[in-house]
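Take a look at the structure set out below.
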Amino acid sequence: MKINANGEKVWDKTFGGIIKNLLNSMIATSDGGFLLGGSSDSPISGNKTAGKYGSYDYWVVKINANGEKVWDKAFGGSDGDFLSSMIATSDGGFLLGGYSFSPISGNKTATNYGDSDYWVVKIK
């Protein structure tokens, strides 16, 4: 939900698929929009157009200043991957961080060293 300086609602939106979708982080983008990030257990459904790789995947949604979805992307392997933090980078991209239980699989190309590991993904 976006509110103005007086606390009045400007708009509200929902994003998700048919199973669980968890928002953990959001940041303003240089174009006046926002990047929403969390984890999703949903396949393509609802207004989620990014596919599913395993249990939970990182799921990021780019919206414009009016709250309209610009794109969504999923990142993950065959097991659970949970996004917990995001930052904008100086080159116009984003760094996504969280933890992963997945081995190399799906679109995850970094190895897993044990039960769960930090997993950092750079997108542009």
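Here are some notes:
- Pair list, Cβ under 8 Å, 6 or more apart: region 66-91 residue touching a residue at least 40 places away in the same chain (Cβ under 8 Å) and more than 10 Å from Ser39 (Cα to Cα), other residue crowded, with 16+ Cβ neighbours inside 10 Å and of a type in the set (Ser, Thr, Tyr): Ser85/Ser25; Met86/Ser25; Ala88/Thr29
- Filter pass, Lys9 being buried (at least 18 other Cβ atoms within 10 Å of the Cβ), out of contact with any Leu (no Cβ under 9 Å at 6 or more places or on another chain) and not polar (S, T, N, Q): no
- Given (1) among the charged types (D, E, K, R); (2) assigned to a loop (DSSP other than H, G, I, E, B); (3) in contact with a Ser or Thr (Cβ under 9 Å, 6 or more places away or on another chain), index of the condition Lys13 fails: (3)
- When restricted to residues that are farther than 13 Å from Tyr56 by Cα, surrounded by 14 or more Cβ atoms within 10 Å (Cβ to Cβ) and of a type in the set (Phe, Trp, Tyr), region 88-115 contains 1.
- Checked against the criterion of being surrounded by fewer than 11 Cβ atoms within 10 Å (Cβ to Cβ), in contact with a Gly (Cβ under 8 Å, 6 or more places away or on another chain) and closer than 18 Å to Ile87 by Cβ, region 16-28 has no qualifying residue.
- Apart from one condition, Gly92 fits all of (1) on the phi > 0 side of the Ramachandran plot; (2) modelled with pLDDT of 95 or more; the exception is (2).
- When region 53-66 is filtered for residues that are more than 8 Å from the chain's Cα centre (by Cα) and surrounded by 16 or more Cβ atoms within 10 Å (Cβ to Cβ), the ones remaining, listed by number, are Tyr53, Gly54, Ser55, Tyr56, Asp57, Lys62, Ile63.
- Some residue of region 42-49 being in contact (Cβ under 8 Å) with a residue 40 or more places away in the chain and among the hydroxyl-bearing types (Ser, Thr, Tyr): no
The values are calculated or read from the model by the stated rules, or taken from the named source; none is laboratory data. Computed from a prediction, not measured in an experiment: that's the story for all the values here. With ideal geometry, Cβ positions are generated from the backbone for all residues, glycine too; neighbour counts draw on all protein chains shown.
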